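The values are calculated or read from the model by the stated rules, or taken from the named source; none is laboratory data. Model, not experiment: these values are computed from the prediction. Please note: Cβ atoms are built from the backbone with ideal geometry, for glycine as well, and neighbour counts cover all protein chains shown.
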Amino acid sequence: MTDPEPTKLRKGELAVDPLQPEDATLRFIGTIRTPFTTRDLCPRQGKLNGPDCRLELLPHWAPALKGISDFEYIDVLYWLHRSRRDLVLQSPRGDGVTTGTFALRSPVRPNPIGLSRVRLIRQEGDTLVVKGLDCLDKTPLVDIKPERCAYTPQAPHKDADQT
Ligand code: SAM
């Protein structure tokens, strides 16, 4: 895994001790391939008419794709591995005006999880071709889920599902 790229603090920004990781151990399920080789080339949010990107699953997890091609839109979670993880106040415009990390979708956060809703273009074996990503080439893939609104739970109904 590549180390985070150091970034300079902007006026008003606040970094804290990022603390040692506690409990969760992620298993990366694959790698995302995009045409974006630097952060400057990544859009701030992916566009559904953007370039084709590839979710390359490790063959070990390939059976978990069964049924995915029924969905036009899927949610993709990924690990923004080049981010620093210690900022609690950030100044996105670099003008000294700060916003709390949890009120931003910045890649800089204690657990740098990215989330994008993407359009599933096609499945090629263990790979999904999608549009709508904004991450660097070779970003680790954390999870894939069908888009929530189109998804009908297959599990039996339970009382807590009532509105
Ligand atoms: N769509 C996701 C979300 O809202 O959770 C991520 C949004 S984040 C603002 C996208 C930006 O993160 C990109 O424009 C790029 O600057 C940066 N980025 C992309 N891939 C990254 C990576 N692997 N490590 C660190 N930063 C990354």
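Filtering region 129-149 for residues that are under 11 Å from the mean Cα position of the chain (by Cα), part of a loop (DSSP other than H, G, I, E, B) and under 21 Å from Pro6 (Cβ atoms) leaves a non-empty set.
Contact map, region 116-133: first residue polar (S, T, N, Q), second residue part of a loop (DSSP other than H, G, I, E, B), Cβ cut-off under 9 Å, separation 6 or more or different chains; pairs are Ser116/Gln45; Ser116/Gly46; Ser116/Gly132; Ser116/Leu133; Ser116/Asp134; Ser116/Cys135.
Which pairs turn up if I take residues in region 48-73 that are closer than 18 Å to Asp126 by Cβ and look for partners that are at pLDDT below 95 and of a type in the set (Asp, Glu) with beta carbon separation below 9 Å, at least 6 apart in sequence or on another chain? So the pair list comes out as Phe71/Glu147.
Any idea which residue in region 126-163 is farthest from Thr31 (Cα to Cα), counting only those that are at pLDDT 90 or above and away from the ligand (no atom under 16 Å from the Cβ)? Talk me through it step by step, then tell me what you get.
Start the filter on region 126-163 by keeping residues that are at pLDDT 90 or above, which leaves 126-147.
From what is left, the residues that are away from the ligand (no atom under 16 Å from the Cβ) are 126-129, 146.
Details: Asp126: 11, Thr127: 10, Leu128: 11, Val129: 12, Pro146: 18 Å.
Top of the filtered list is Pro146.
Counting only residues that are β-branched (Val, Ile, Thr), within 12 Å of the ligand (Cβ to nearest atom) and surrounded by fewer than 13 Cβ atoms within 10 Å (Cβ to Cβ), how many does region 24-70 have? Here the count works out to 2. Check whether at least one residue in region 92-101 is more than 9 Å from the ligand (Cβ to nearest atom), part of a loop (DSSP other than H, G, I, E, B) and of a type in the set (Asp, Glu), and report yes or no. For region 92-101, residues more than 9 Å from the ligand (Cβ to nearest atom), part of a loop (DSSP other than H, G, I, E, B) and of a type in the set (Asp, Glu): present.
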